[in-house]
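The values are calculated or read from the model by the stated rules, or taken from the named source; none is laboratory data. No experiment lies behind these values; they were computed from the predicted model shown. Note that we place each Cβ from the backbone using ideal geometry, even for glycine, and neighbour counts take in every protein chain shown.
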């Protein structure tokens with residue numbers, strides 16, 4: 001054996017080990033999402049998708065419970081995504097999930113970030129109103145009031161399908177109400193709002209959504225411009241009337257008629 005051969009063998013083994021280590025590190029963290037968003041009406045079918053590496057051979061879904069994380073489902077298949085289907089969602093499916101995947105040579109990936117699945121339509125919807133009006137000028141204030149005759153202690157406000165804020169409720173007229181105050185509105189507040197109610201003891205079990213409330217925010221500068229134009233038109237009208245009267249007086253005076 002030539003002296004160079006052991007060196008080449010050692011170099012080959014080191015290179016192989018390095019390649020395997022890099023591949024193991026390449027099992028990047030997966031991501032977990034819910035089709036059509038994490039708010040799922042009771043009885044609706046839903047699919048959770050875990051996206052990871054193309055080297056994945058098996059996918060696992062876990063749900064957090066009182067004693068920690070518990071495995072729910074596993075699927076096999078090639079590709080960079082595992083699908084977990086829930087054919088008819090119930091209150092038991094609400095909760096926090098995470099996923100991970102396995103490769104036969106490199107083991108398990110780290111788990112995805114937790115994802116909350118919220119089940120809705122478990123009680124009657126609250127009502128949503130705007131005070132002083134659902135039509136407000138930019139720069140003014142408005143309060144959106146979410147009221148429910150169920151004694152829920154939390155309300156959540158959504159705009160265009162995205163959560164804006166949430167608030168504790170207070171007793172009001174035989175039910176519970178949360179006030180969402182916007183001190184200075186602008187064009188970004190224009191849109192369609194809904195609210196949900198839930199109890200703090202079951203934070204992933206929500207009511208049906210309220211009827212949509214459309215908030216229209218007008219441009220205050222445009223309103224001022226319109227008012228200014230109206231004032232100018234009225235003043236111009238008075239000027240024309242005055243000029244007309246002066247012309248009539250002058251015409252009658254020119255003809256020698258008594259005024």
Could you please let me know if residue 110 is under 15 Å from residue 193 (Cβ atoms) and either outside the structural domain of residue 174 (by TED's automatic domain parsing) or surrounded by fewer than 17 Cβ atoms within 10 Å (Cβ to Cβ) (or both)?
no
Only strands (runs of 3 or more DSSP E) wholly contained in the range 1-99 count here; list those with 1 or more residues that are over 22 Å from the mean Cα position of the chain (by Cα) and at pLDDT below 95.
58-65, 68-76, 81-86
Return the residue satisfying two criteria in turn: it lies in the range 175-192 and is part of a helix (DSSP H, G or I) and in contact (Cβ under 8 Å) with a residue 12 or more places away in the chain, and of such residues it is farthest from the chain's Cα centre (by Cα).
187
Those residues that are free of Cβ contacts under 8 Å to residues at least 40 places away in the same chain, surrounded by 13 or more Cβ atoms within 10 Å (Cβ to Cβ) and in a loop (DSSP other than H, G, I, E, B), I need them from the range 124-141; list them, please.
none
Got a sec? Which of 108, 147, 168, 154 is modelled with pLDDT under 95 and in contact with a strand residue (DSSP E or B) (Cβ under 7 Å, 6 or more places away or on another chain)?
108
Restricting attention to the range 157-174, which residues are more than 26 Å from residue 140 (Cα to Cα) and outside any strand (DSSP E or B)?
173, 174
